[in-house]
């Protein structure tokens with residue numbers, strides 16, 4: 001389990017996001033700022049967050065609304 005140093009801070013968009021994706025049996029790794037990722041997927045972040053499920057998902061890796069905090073199961 002990773003060691004947590006301090007409390008989570010509000011997102012600014014400058015955070016580095018790394019995506020690991022398997023493509024045709026090859027691993028592709030891409031890092032970019034969170035704001036760049038959001039612009040690439042072209043969605044309304046406020047609307048997306050408002051429509052997250054409020055019950056904890058049964059499987060791992062699902063985004064949900066954990067009493068007003070965006071969490072990943």
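Every condition in (1) surrounded by 10 or more Cβ atoms within 10 Å (Cβ to Cβ); (2) in a loop (DSSP other than H, G, I, E, B) holds for residue 9 except the one numbered (1).
For region 19-73, the strands (runs of 3 or more DSSP E) that sit wholly inside it and include 3 or more residues that are more than 12 Å from the chain's Cα centre (by Cα) and loosely packed, with under 11 Cβ neighbours inside 10 Å are 26-33.
We did not get these values from a lab; they are worked out from the coordinates using the rules stated. What you are looking at is a predicted structure, and each value in this text was computed from that prediction instead of being measured. With ideal geometry, Cβ positions are generated from the backbone for all residues, glycine too; neighbour counts draw on all protein chains shown.
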